[in-house]
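Below: one structure, written as structure tokens.
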Amino acid sequence: MLQQLFSPSVQHTLDVIGIFVFAISGALMGVRKNFDVFGIAVLAEVTALGGGLFRDLIIGAVPPAAFTDLGYFITPLLAALMVVFLHPHVERIQVAVNVFDAAGLGLFCVAGTIKAYEYGLGLTQSATLGLATAVGGGVLRDVLANEVPSLLRWDRDLYAVPAIVGSTMAVLCLRYDVLTPVTSGLAVVTAFVLRLLAMKYHWRAPRAWNRRSTVREE
Amino acid sequence: MLQQLFSPSVQHTLDVIGIFVFAISGALMGVRKNFDVFGIAVLAEVTALGGGLFRDLIIGAVPPAAFTDLGYFITPLLAALMVVFLHPHVERIQVAVNVFDAAGLGLFCVAGTIKAYEYGLGLTQSATLGLATAVGGGVLRDVLANEVPSLLRWDRDLYAVPAIVGSTMAVLCLRYDVLTPVTSGLAVVTAFVLRLLAMKYHWRAPRAWNRRSTVREE
Amino acid sequence: MLQQLFSPSVQHTLDVIGIFVFAISGALMGVRKNFDVFGIAVLAEVTALGGGLFRDLIIGAVPPAAFTDLGYFITPLLAALMVVFLHPHVERIQVAVNVFDAAGLGLFCVAGTIKAYEYGLGLTQSATLGLATAVGGGVLRDVLANEVPSLLRWDRDLYAVPAIVGSTMAVLCLRYDVLTPVTSGLAVVTAFVLRLLAMKYHWRAPRAWNRRSTVREE
């Protein structure tokens with residue numbers, strides 16, 4: 001059980017932090033798209049809970065955690081409220097938001113992987129669902145905002161790769177039966193740091209081969 | 001049980017009416033987007049059944065009602081057929097469509113809330129799923145039509161708020177054990193009337209604080 | 001059981017072929033939208049597995065086949081890899097891709113219908129889910145690429161209709177208890193050939209009545 005990795009209250013606190021920072025990214029998108037306060041709240045909820053919701057539907061964990069834990073539901077509303085009243089400040093502290101978002105990415109990819117594995121999925125599939133947990137909410141956010149998902153675009157810093165690394169590390173720990181708070185924490189931190197480095201150095205993934213080779217540098 | 005609120009046949013009739021009017025809004029969107037008749041039918045189905053489908057997946061009621069009740073499935077096809085042949089008339093009677101859509105909103109938010117509660121969800125979560133039942137189809141309609149969901153836009157009359165009020169009233173009735181055909185009917189009518197008033201007086205929700213205060217009146 | 005229709009290995013091979021060609025169409029869309037290699041892989045996965053995933057969630061077959069069969073998961077990655085390195089060639093052989101895609105359409109609409117029926121859905125609903133299995137991945141592909149789903153557009157050759165015919169034939173076989181490898185194969189081939197003919201002769205579905213009658217030929 002995931003609860004054995006960290007004490008339940010620590011785990012819950014980490015989850016809520018991840019939900020909070022993801023919700024802020026959703027709420028900020030709502031502000032940028034000129035949505036009203038309800039639209040901002042909806043986007044905060046979807047961004048924060050969408051990835052875990054998808055995972056829980058796939059593994060058959062219904063009702064999903066998003067609909068059983070009241071704290072998970074209320075946290076995005078608080079984030080939305082904060083953004084509605086303070087959004088120039090939140091945007092000014094975009095760096096801090098990005099750091100927290102990277103932390104959410106690390107937490108969610110590892111926690112999602114472990115939960116999927118607990119529900120009996122294979123190792124590869126568990127890692128895939130861990131990735132989906134971490135990035136799914138952001139994809140839904142962009143779809144609802146009628147934009148091409150940031151995850152898929154080549155002109156954005158690496159986002160999926162750090163989560164893939166974190167999920168893979170978690171799965172290797174499960175495979176070799178060495179999953180402890182230390183090793184899973186290491187997976188979280190690795191994904192977190194990789195994402196920070198990707199943002200700092202603008203690491204990007206290549207595009208399709210022939211396009212890349214024929215397009216001029218711009 | 002919901003069936004105890006109204007007689008089963010009355011309940012079913014109300015459901016079918018709600019599905020029908022939501023389907024009309026979906027089919028009209030399909031006409032506006034210049035879709036072919038199959039696209040119009042798909043959009044009618046998705047708009048009418050999408051919200052309930054989402055709710056049923058969340059609460060684990062599979063297969064969802066949309067796939068067990070043949071009437072629920074055929075009704076949107078009839079609505080699509082009607083729109084395909086009569087759409088200038090349907091658009092001319094847009095006022096009537098809006099009134100029915102408001103009725104659908106009221107019916108679905110209350111029925112969705114009660115069904116979620118019956119499946120063991122908490123009060124807040126039940127109200128949230130009631131809201132999702134009422135507005136989910138319209139969001140899917142807009143996503144498939146590649147538009148920003150009308151629900152999220154600040155320049156549209158209040159749509160979520162009437163449903164939130166209706167869901168909340170239903171949840172309070174459940175909480176204080178006073179759910180009867182009269183009280184639940186009252187919740188439906190309240191949401192319905194609020195939506196009508198929102199359309200009549202163009203009630204809108206505020207946007208984010210600082211944006212509103214710095215943007216000139218337009 | 002579906003496995004009784006074809007030998008399990010034949011059935012699995014057919015599934016993998018269908019997944020492969022759908023994945024190619026997703027990966028090509030990713031190249032066109034200028035996504036990076038991870039975006040291309042995601043789009044390949046979603047296009048290939050999205051329809052079956054939706055079906056499995058609806059009928060309660062969790063975890064869905066896409067998350068239990070490793071071959072189903074890896075096949076789209078291979079397709080994406082191929083497209084990334086060879087995409088001008090893949091585009092040059094667009095005709096071949098279209099033929100395979102038509103084969104995937106035929107296979108998936110029949111296999112989806114039969115699986116839904118096995119899980120206890122009614123005949124009409126089974127046919128509908130068969131259609132959704134065949135076309136769902138393509139719709140998700142277009143939504144993620146931020147385009148109007150090709151399925152819904154009037155200016156595209158018939159795509160849903162061949163799948164509807166195939167699903168209906170499968171359902172009639174189930175209804176009259178004559179489902180054999182021969183009859184189900186006939187349903188697959190019919191859908192396949194109809195799609196090929198629709199592409200060859202640019203068959204299109206009509207739009208809404210009054211629009212069609214008043215718009216000039218263009």
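The values are calculated or read from the model by the stated rules, or taken from the named source; none is laboratory data. In this text the structure is predicted, and so the values were computed from the model without any measurement. Note that we place each Cβ from the backbone using ideal geometry, even for glycine, and neighbour counts take in every protein chain shown. All accessible areas refer to the heavy atoms of the entire protein, side chains included, with ligands and DNA or RNA removed. Shrake-Rupley method; radii C 1.70, N 1.55, O 1.52, S 1.80 Å.
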- Message: Out of the residues in the stretch C:132-177 meeting the condition of being basic (Lys, Arg) and assigned to a helix (DSSP H, G or I), tell me which one is surrounded by the fewest Cβ atoms within 10 Å (Cβ to Cβ).
- Response: C:Arg175
- Message: So in the stretch A:49-58, with the set limited to residues that are open to solvent by less than 10 Å² (accessible area, probe 1.4 Å) and over 19 Å from A:Ser150 (Cβ atoms), which one is nearest to the other protein chains (Cβ to nearest Cβ)?
- Response: A:Ile58
- Being away from chain B (no Cβ under 13 Å), free of Cβ contacts under 8 Å to residues at least 60 places away in the same chain and open to solvent by 30 Å² or more (accessible area, probe 1.4 Å) narrows A:Pro63, A:Pro8 down to just A:Pro8
- Task: Looking for whichever is within 12 Å of the chain's Cα centre (by Cα), within 11 Å of chain C (Cβ to nearest Cβ), over 30 Å from B:Val182 (Cβ atoms) and crowded, with 21+ Cβ neighbours inside 10 Å here; the options are B:Val83, B:Val31, B:Val37, B:Val46. Which one fits?
- Result: B:Val46
- Task: Would you mind stating whether C:Pro88 is outside any helix (DSSP H, G or I) and either crowded, with 18+ Cβ neighbours inside 10 Å or within 14 Å of chain A (Cβ to nearest Cβ) (or both)?
- Result: no
- Message: I'm trying to understand the selection: among the residues of the stretch A:20-67, which are of a type in the set (Lys, Arg) and within 17 Å of A:Phe85 (Cα to Cα)?
- Response: A:Arg32, A:Lys33
- Message: Against the conditions (1) within 14 Å of chain B (Cβ to nearest Cβ); (2) at pLDDT 95 or above; (3) surrounded by fewer than 16 Cβ atoms within 10 Å (Cβ to Cβ), where does C:Val193 fall short? Just the number, please.
- Response: (1)
- Item | In the stretch C:66-76, the residues that are buried (at least 16 other Cβ atoms within 10 Å of the Cβ) and in a helix (DSSP H, G or I) | C:Ala66, C:Phe67, C:Tyr72, C:Phe73, C:Thr75, C:Pro76
